[in-house]
Amino acid sequence: MTRVYTSEATHREDGGDGRRGLWSRWSGDRFRGGFPGWSGPGKWRRGVLLAVAALLLGLAFFLHAEVPNAVGNLGSLWETFLPWGGLLIVVLLVGAVLRRSATALVALLLPTLMWVNLFGGLFNDKTGSGAGDLTVVTHNVNAGNADPRGTAEALVASGAEVIALEEVSPAKAAAYRAALDKTHPYHKLTGTVGIWSKYPMSEMRAVDIKMGWPRAMRATVRTPEGDVAVYAAHLPSVRVQFRSGFTAGQRDGSARALGEAIARDPADNVILLGDLNGTMNDRALAPITSQMRSAQGAAGDGFGFSWPASFPMARIDQIMVKGADPVSAWTLPATASDHLPVAAKIDLAD
């Protein structure tokens, strides 16, 4: 008499009826003992340099305000493009996977958590449902704009009661006036910056931001909900050069002068509109950002990048408030400029 014995191990693998599962038939011995190359004590010894790079990146996020500016203003350059530092996390992650380094993967938790702490909140839509007391738009229209009339008409279509323009060239000023004055009859153009309003304006004057020519102005706009001080400003440009690095000295001095002017302003509601050539993370704008709130940060959805218009990488065009409360903030469609227009609805303080 012949007897057939089935081992306990075979019984477990076959499920007791002699049939192997789909995963068991496919995998066979492929993953016994762990994933290839990841098992064993070597997984903790590999990729030490990647792990160190990950920890340094985490510290660069956490201490971004401490990165020195002594050499080429590297601190301000890092802060300007700080959100894009997240791409370095992806690069290190790919390296850790290719190197099969568990140590590097664990170390990557630090920069990931730091980046999420800095920017994770921007992915929440903070847009309010209210209509707002005042809708404002600011746009660097670009001195070489080939379609100033079309650009102005696009801004009018936004429904904003107050529109600020920067980089208005003398040759194009008449075209902007012709397109805007019909709907926004109250206006003042000072140098290359201007404010157009549907409501009456008073106390219009240039603001000295230490450039030698006017690129900032202030006006009181008399809205139905009360007066508001509106500033329009275009801070000096910055440059990234091989030898000198991130050259921003003149921009930083103008930021200090503009911050001092706003700090002295007695108005209960202050709105700053303009191209500040810097992001909210840039320490050089602290004289302004320390006393004002970003409409995009408080009531926007996402990063709200505004420059360059063809592939926005940074938000250097800002709407900021003091006293007032942002309700919503957004970017408008591209015009013939190299910047995107940005808009916000604002509730004025009583």
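Just to be sure I understand, how many residues within region 185-221 are farther than 21 Å from R264 by Cβ, assigned to a strand (DSSP E or B) and out of contact with any Gly (no Cβ under 7 Å at 6 or more places or on another chain)?
Total meeting the criteria: 5.
Can you name every residue in region 283-302 that is within 23 Å of D347 (Cβ to Cβ) and either touching a Lys or Arg at 6+ places or on another chain (Cβ under 8 Å) or part of a helix (DSSP H, G or I) (or both)?
Of everything in region 283-302, those that are within 23 Å of D347 (Cβ to Cβ) and either touching a Lys or Arg at 6+ places or on another chain (Cβ under 8 Å) or part of a helix (DSSP H, G or I) (or both) turn out to be I288, T289, Q291, M292, R293, A295, Q296, G297, A298, A299, G300, D301.
Name the single residue that is nearest to M114 (Cα to Cα) among those in region 57-84 being outside any helix (DSSP H, G or I) and out of contact with any Gly (no Cβ under 7 Å at 6 or more places or on another chain).
Looking at the filtered set, the residue picked out is L63.
Among the residues of region 226-267, count how many are at pLDDT 95 or above and β-branched (V, I, T).
Total meeting the criteria: 3.
Could you tell me whether any residue of region 121-136 is over 23 Å from G300 (Cβ atoms), modelled with pLDDT under 95 and outside any helix (DSSP H, G or I)?
Within region 121-136, the first condition is being over 23 Å from G300 (Cβ atoms), and the residues that meet it are none.
For region 121-136, residues over 23 Å from G300 (Cβ atoms), modelled with pLDDT under 95 and outside any helix (DSSP H, G or I): absent.
For region 264-283, give me each residue that is of a type in the set (S, T, N, Q) and touching an Asp or Glu at 6+ places or on another chain (Cβ under 8 Å).
Within region 264-283, N269, T279, N281 qualify.
Here are T103, T112, T151, T127: which of them is of a type in the set (S, T, N, Q) and in contact with a strand residue (DSSP E or B) (Cβ under 7 Å, 6 or more places away or on another chain)?
Values: T103 fails: in contact with a strand residue (DSSP E or B) (Cβ under 7 Å, 6 or more places away or on another chain); T112 fails: in contact with a strand residue (DSSP E or B) (Cβ under 7 Å, 6 or more places away or on another chain); T151 fails: in contact with a strand residue (DSSP E or B) (Cβ under 7 Å, 6 or more places away or on another chain).
Result: T127 is the single residue among T103, T112, T151, T127 that is of a type in the set (S, T, N, Q) and in contact with a strand residue (DSSP E or B) (Cβ under 7 Å, 6 or more places away or on another chain).
Go through (1) of a type in the set (K, R); (2) closer than 22 Å to N145 by Cβ; (3) in contact with an Asp or Glu (Cβ under 9 Å, 6 or more places away or on another chain) one by one and return the number of the condition K345 breaks.
K345 satisfies every listed condition except (2).
Can you find a residue in region 305-314 that is over 17 Å from the mean Cα position of the chain (by Cα), over 26 Å from E66 (Cα atoms), at pLDDT 95 or above and not assigned by TED's automatic domain parsing to the domain that holds N73?
no
Okay, residues lined up against (1) in a loop (DSSP other than H, G, I, E, B); (2) modelled with pLDDT under 95; (3) among the charged types (D, E, K, R); (4) buried (at least 20 other Cβ atoms within 10 Å of the Cβ):
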position	(1), (2), (3), (4)
G274	no, no, no, yes
G278	yes, yes, no, yes
V321	no, no, no, yes
W330	no, no, no, no
P333	yes, no, no, no
K345	no, no, yes, yes
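Looking at Q296, Q318, which is the one that is out of contact with any His (no Cβ under 8 Å at 6 or more places or on another chain), on the phi < 0 side of the Ramachandran plot and free of Cβ contacts under 8 Å to residues at least 60 places away in the same chain?
Step by step, each of Q296, Q318 is checked, and only Q296 is out of contact with any His (no Cβ under 8 Å at 6 or more places or on another chain), on the phi < 0 side of the Ramachandran plot and free of Cβ contacts under 8 Å to residues at least 60 places away in the same chain.
Checking V116 against (1) hydrophobic (A, V, I, L, M, F, W, C); (2) closer than 24 Å to A298 by Cα; (3) in contact (Cβ under 8 Å) with a residue 40 or more places away in the chain: exactly one of these is not met. Which one?
Going through the list (1) hydrophobic (A, V, I, L, M, F, W, C); (2) closer than 24 Å to A298 by Cα; (3) in contact (Cβ under 8 Å) with a residue 40 or more places away in the chain, V116 breaks only (3).
Regarding S158, is this residue small (G, A, S), crowded, with 23+ Cβ neighbours inside 10 Å and either over 20 Å from G226 (Cβ atoms) or touching a His at 6+ places or on another chain (Cβ under 9 Å) (or both)?
Criteria not met by S158.
From the residues in region 280-291 that are crowded, with 24+ Cβ neighbours inside 10 Å and touching a Leu at 6+ places or on another chain (Cβ under 7 Å), which one is modelled with the lowest pLDDT?
Filtering region 280-291 for residues that are crowded, with 24+ Cβ neighbours inside 10 Å and touching a Leu at 6+ places or on another chain (Cβ under 7 Å), the one modelled with the lowest pLDDT comes out as L285.
A quick yes/no check of all residues on (1) over 19 Å from E153 (Cα atoms); (2) without any contact (Cβ under 8 Å) to a residue 24 or more places away in the chain:
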residue	(1), (2)
A174	no, yes
T183	no, no
M217	yes, no
P224	yes, no
R251	yes, no
A257	yes, no
E260	yes, no
N269	yes, no
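Hey, does region 148-155 have a residue that's assigned to a helix (DSSP H, G or I), within 25 Å of M211 (Cβ to Cβ), among the hydroxyl-bearing types (S, T, Y) and touching a residue at least 40 places away in the same chain (Cβ under 8 Å)?
yes
The values are calculated or read from the model by the stated rules, or taken from the named source; none is laboratory data. Remember, it's a predicted structure, so these values are computed and weren't measured experimentally. All Cβ positions, even for glycine, are placed from backbone atoms using ideal geometry, and neighbour counts span all protein chains on display.
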